[in-house]
Amino acid sequence: MRVAVIGAGVIGLSTALCIHEQYHGLVPSLEMEVYADRRTPHTTSDGAAGLWQPYLSDHGNLQETLWNKETFDYLLGHLGSPATKEMGLFLISGYNLFTQPVPDPSWKNIVLGFRNLTPKELELFPGYSYGWFNTALMLECRRYLPWLTERLTQRGVKFFHKKVESFQEVSGDGVDVVINCTGVRAGELQPDPELQPGRGQVIKVLAPWVKHFIITHNIESGIYNSPYVIPGSELTVLGGIYQHGNWNEENSAQDHKTIWENCCRLLPALQKAKIIEEWSGLRPARPCVRLERETVRHGHFQAEVIHNYGHGGFGITSHWGCAMAAARLFGSILQEKKLASLPQPRL
Amino acid sequence: MAAPNVAVVGAGLVGLSTALCIAETCPSCSVTVLSDQFSPNTMSDVAAGILIPHTYPGTPIHVQKQWLKETFTYLFAISNSAEASEAGIHLVSGWQVFKNTPKEELPFWSDVVLGFRPMSKAELQKFPQHRFGQAFTTLKCDCPPYLLWLEKRLKATGVQMYTRKVADLWELHSEYNIVVNCAGIGAHQLVGDEKLFPVRGQVLQVHAPWVKNFIRDGDGLTYIYPGIHRVTLGGTREKESWSLSPDPGTTKDIFDRCCSLEPSLRGAQDIMVKVGLRPSRWCVRLQREVLSQGGVKLPVVHNYGHGAGGFSVHRGTAKEAARLVRECIAALQGSTSKAKL
């Protein structure tokens, strides 16, 4: 049984690990390969700050809320382990700010210590009259992806630095199952008009006195189009750009100005921070995550494809729940091929 | 008295902040800071600098709360300004956890810090040996940059600073009209205060930049305070110990205790060990005294004995000391006019 995973961002690598951990014991002949044109530290995941936080509303996608919860609980469980530092995982507290009262988010009971901000706390943020405080998690992909890669390599998974042009290319080669974790460029393998880039730009600075994340929200301009400050283990990420449909991966001077001015207004002390890096990336935006099976045929060959892409700005937030769901789909494929008898997959 | 000459003895947190308050509230004064040590070699430089008050048994609670509020307000404004990084002041959130529920679940300072509330069950799960906890947001300073920032402010207001070991306050009587004694633990020898005693604290300063929250055990012995570049791990409370030498056994004990609160600290790098002596006293000595020899008088304002709580109340006690200095000036001016009559 040969499995090809396409994509080595947070989704590709975690899905690969999840499937290998669960099924290698049951299917000793399982051979897994990961194909990617971009690898850490050059993936979309690497540019993200790494804060676990879903969007304000799940728009009725209850499934996504469950995946987010599963991811949070999984990471929280890892906190006390010796691997934490290597994984780039740590707790962080912070603020979500609004210009008007808003309903509580779907994730209020997933994070720790969720509460509204007191009037005195709001004094810190002129212009904002309402907000939340909670403790969440950071998962820095610049450490997490190498950690996942190491775990996979130890398990004998092979890596190929190569751009896959079609499903046929891998299925024609004798691969039985393809896991499609190609993120924003999934449309190159199979057209998907619902998948659009949600372009973001960030400035990474040295500001080690910042210990909280601060995410502002502007209901009119939409998610991520309002300044945010997220302190990592080495650099602090300043952001606040979301441009739907913009494929440009070059940094924009105008966006730089927007981010810098807005974040310095939010946190005046940032004016003294030294700029270290600037980066633009494309969030793989979709009305909902595509997480489903498909049988792809080409001539004599056929392969089962498991799609796992379209996580927008909440890939890190949902990755493990999605990986588990993809693993369940994989399990049902194994059952059909009578390669393993498994208990009924849970939804 | 045209331009009273005021000497402030001591250049730690209390000395520098007191000198600054005097310069701010008494523009006609000429203020000079005298100390045998300046940052980074003062006792204050070792302090973690977290604003979590220590309770002085001998000072009324409402007074301590006033000092705390004034300090919090002052630092809050700095943390919110462009100067925050230079001054080394920043907000930090975290948890104070207790193995046994404390008698006083709501300390007197719970409404001074931000967002104070009991920890939820889910939050307590991170601390399996602890039954109860409090979550809040407070202020922290990195003392070396803060002291340098205070020195910069002092220079800007024309305050002079000199390295000088003062052996006896009286030796200043010919050069200065008023002396302010902020000698900290040095007051034990300087003014022979037997009620002042050291409480030795050993701390580790480590590189662990992923630690963003503070954790403190309610017994005050074990704590993790993330600073700008390093995390301070503590500590010890050894009464009457004057030793400034780090003890290796203590280092291991502190590290182990902190790792049991925060396991990821096992990955901490570059451990630096420091020792400080908290200038402890039943109450802060914040009062006037007049020294006199052979008909010559020297007004003194004492401001020392802040123990474990110096950072938490420093601005409040500095303001009170400045007020006492103004009283001394008024008294001097009164006696000068009497003499003229």
Between chains A and B, what is the buried accessible area in Å², counting both sides, with a 1.4 Å probe and ligands, DNA and RNA left out, to the nearest 100? 2800 Å²
Only helices counted: for chain B, with every DSSP H run of 4 or more residues adding -39500 (n - 2.57) and the sum spread over all residues, [θ] at 222 nm is -9500 deg cm²/dmol
Equivalent-ellipsoid semi-axes of segment B:5-335, from the Cα gyration tensor, Å, largest first: 36, 20, 19
Can you give the extra length, in nm with one decimal, that the chain gains between A:HIS244 and A:LYS163 once fully stretched, where that is 0.36 nm per residue apart less the Cα-Cα distance? 26.7 nm
So what is the 222 nm mean residue ellipticity for chain A from helices alone, if each DSSP H run of at least 4 adds -39500 (n - 2.57) and you divide by all residues, rounding to the nearest 500 deg cm²/dmol? -8500 deg cm²/dmol
Tell me, what HN-Hα J-couplings in whole Hz come from the Karplus equation 6.51 cos²θ - 1.76 cosθ + 1.60 at θ = phi - 60° for each residue of segment B:266-283, using x for Gly and Pro? 4, x, 5, 10, 6, 7, 10, 10, 10, 10, x, 10, 5, x, 8, 7, 4, 9
So what are the ³J(HN,Hα) numbers for segment A:165-176, from phi and the Karplus equation (6.51, -1.76, 1.60; θ = phi - 60°), rounded to whole Hz, Gly and Pro as x? 8, 6, 4, 4, 4, 8, 6, x, 8, x, 7, 8
Collect residues whose amide H, placed 1.01 Å from N in the peptide plane, falls under 5 Å from the amide H of A:LEU51; neighbours closer than 5 in sequence don't count. A:LEU139
So, taking all protein chains as they sit and a 1.4 Å probe, how much accessible area belongs to A:PHE160, in Å² rounded to tens? 80 Å²
Could you size up the charge dipole of segment B:154-200 around its Cα centre, putting +1 on the beta carbon of Lys and Arg and -1 on that of Asp and Glu, and report it in debye to the nearest 20? 260 debye
For A:LYS163, A:LYS257, B:LYS103, what's the largest-to-smallest order of accessible area, 1.4 Å probe? B:LYS103, A:LYS257, A:LYS163
What list of whole percents do you get for P(r) of segment B:156-285, with Cα-Cα distances grouped in 5 Å bins up to the one holding the largest distance? 2, 9, 16, 16, 13, 12, 11, 9, 6, 3, 1, 0
Can you pull the mean other chain C-beta count within 10 Å for peptide A:203-212? 6
The simple spin-label model distance between A:THR153 and A:THR99, using points 7 Å out along Cα→Cβ, in nm, is 4.9 nm
Considering only chain A, what is the antiparallel percent among its DSSP beta bridges, to the nearest 5? 65 percent
Choice from B:GLY234, B:GLY249, B:GLY94 showing the highest fluctuation, given a GNM over chain B with Cα pairs closer than 10 Å: B:GLY249
Which value, to two decimals, describes the C-alpha radius of gyration of the protein assembly as shown once divided by 2.2 N^0.38 Å? 1.15
So who's got an amide H within less than 5 Å of the one on A:VAL34, skipping anything under 5 residues away but keeping other chains? H placed 1.01 Å off N, in plane. A:VAL5, A:LYS158, A:PHE159, A:PHE160
For A:TYR309, enumerate residues with amide H under 5 Å from its amide H, sequence gap 5+ or separate chain, H modeled in the peptide plane. A:ARG290
Scaled to the compact-protein estimate 2.2 N^0.38 Å, what is the alpha-carbon radius of gyration of chain A, rounded to two decimal places? 1.01
Inter-chain Cβ neighbour average for residues B:73-80, partner chain, 10 Å: 2
Please list the radius of gyration and Dmax for segment A:140-252, considering alpha-carbon atoms only, with Å as the unit. 18.6, 54
If you plug each phi of segment A:290-299 into the Karplus form 6.51 cos²θ - 1.76 cosθ + 1.60 with θ = phi - 60°, what whole-Hz ³J(HN,Hα) values come out, in order, with x for Gly and Pro? 8, 10, 6, 8, 8, 9, 10, 10, 8, x
Largest-first ordering by accessible area, 1.4 Å probe, given options A:GLU261, B:GLU104, A:GLU294: B:GLU104, A:GLU261, A:GLU294
1.4 Å probe accessible area per residue over chain A, in Å²: 41 Å²
With both bridge residues required to lie in chain B, what share of the DSSP beta bridges run antiparallel, to the nearest 5%? 70 percent
Taking every residue in A:154-161, how many Cβ atoms of other protein chains lie within 10 Å of its Cβ, on average? 0
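For segment B:172-247, what D do you get in µm² per second when you plug the Kirkwood radius from alpha-carbon pairs into Stokes-Einstein at 10 °C and 1.306 mPa s?
104 µm²/s
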Which value, in nm² and rounded to one decimal, describes the direction-averaged projected area of the C-alpha convex hull of segment A:204-347? 12.8 nm²
At a Cα cut-off below 28 Å, give the lysines reachable from B:LYS155, other chains included and same-chain residues fewer than 8 away excluded. A:LYS272, A:LYS274, B:LYS69, B:LYS140, B:LYS165, B:LYS319
Percentage relative contact order, chain B, counting C-alpha pairs under 8 Å, at least six apart: 25 percent
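Per-residue counts of other Cβ atoms within 10 Å, averaged by peptide: what ranking do you get for A:189-200, B:317-328, highest first?
Ranking, from highest mean packing down: B:317-328, A:189-200.
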Do you know the relative contact order of chain A, to the nearest whole percent, from alpha carbon pairs under 8 angstrom that are 6+ apart? 24 percent
If you take every DSSP beta bridge fully contained in the protein assembly as shown, what fraction is antiparallel? Give it as a percent rounded to 5. 70 percent
So if I place +1 on the C-beta of Lys and Arg and -1 on the C-beta of Asp and Glu, and nothing else carries charge, what would the dipole magnitude of segment B:5-335 be about its Cα centre? I want it in debye, nearest 20. 560 debye
How would A:HIS161, B:HIS207, B:HIS302 line up by accessible area, probe 1.4 Å, largest first? A:HIS161, B:HIS207, B:HIS302
In the Gaussian network model of chain A, springs joining C-alpha atoms below 10 Å, which of A:THR84, A:THR44, A:THR295 carries the largest mean-square fluctuation? A:THR295
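The values are calculated or read from the model by the stated rules, or taken from the named source; none is laboratory data. Keep in mind the model is a prediction, meaning the values are calculated, not measured. No Cβ is skipped: glycine too gets one built from the backbone with ideal geometry, and neighbour counts run over all protein chains shown. Side chains are part of the model used for accessible areas, which takes the heavy atoms of the whole protein and leaves out ligands, DNA and RNA. Shrake-Rupley method; radii C 1.70, N 1.55, O 1.52, S 1.80 Å.
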